[in-house]
Amino acid sequence: MKPSKIEFEVGGEDPNDPDGEIMFNVRCTVAPGSPGRLSGPPEDCYPAEPCEVDDLKVFKARDGDPDPNYKVEVPEKDWVKHGLDREMLEELAVEKANDYWQGLKEDYDEGREEARRERD
């Protein structure tokens, strides 16, 4: 399976308002991992490979901009001010990618089942 572009929202802390929350838009590319193979002849076995997250970027609406679609990138050094960190965002990205890939598999399986019913 090819890497997938993933986009999702996550809430973060507002440093100017202790009770406030800011929504951030996260964008990245996630390459699927491999479950590995641990049975059979040793020459056919290989270790599991985790998913890889690349090009991780965080965006937020520009302060005071009435257009919520206009986003500015938040530098990684500023993520901590909002309670965000790379490891947490990568875990969320992999979770979102797995949900996306599972949906593709279900759609594919559903299409195959429908084609089989039509054929019979």
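The values are calculated or read from the model by the stated rules, or taken from the named source; none is laboratory data. Just so you know, these numbers come straight off a predicted model, no measurement behind them. Reconstructed Cβ throughout: ideal geometry from the backbone, glycine too, with neighbour counts over all protein chains shown.
Note on region 68-101: among residues that are part of a helix (DSSP H, G or I) and of a type in the set (D, E), the one that is surrounded by the fewest Cβ atoms within 10 Å (Cβ to Cβ) is E87.
Among the candidates L104, L56, the residue that is of a type in the set (A, V, I, L, M) and outside any helix (DSSP H, G or I) is uniquely L56.
Residues that are among the acidic types (D, E) and surrounded by 14 or more Cβ atoms within 10 Å (Cβ to Cβ) within region 7-23 comprise E13, D14, listed in sequence order. Just so you know, in region 24-44 the residues that are out of contact with any strand residue (DSSP E or B) (no Cβ under 6 Å at 6 or more places or on another chain) and exposed (fewer than 15 other Cβ atoms within 10 Å of the Cβ) include one that is nearest to V58 (Cα to Cα), and it is P35. Quick check, is E73 under 27 Å from M1 (Cα atoms), over 14 Å from the mean Cα position of the chain (by Cα) and either charged (D, E, K, R) or at pLDDT below 85 (or both)? Taking the combined requirement at face value, the residue does not satisfy it. Counting residues in region 97-117 that are within 13 Å of the chain's Cα centre (by Cα) and closer than 30 Å to D17 by Cβ gives zero.
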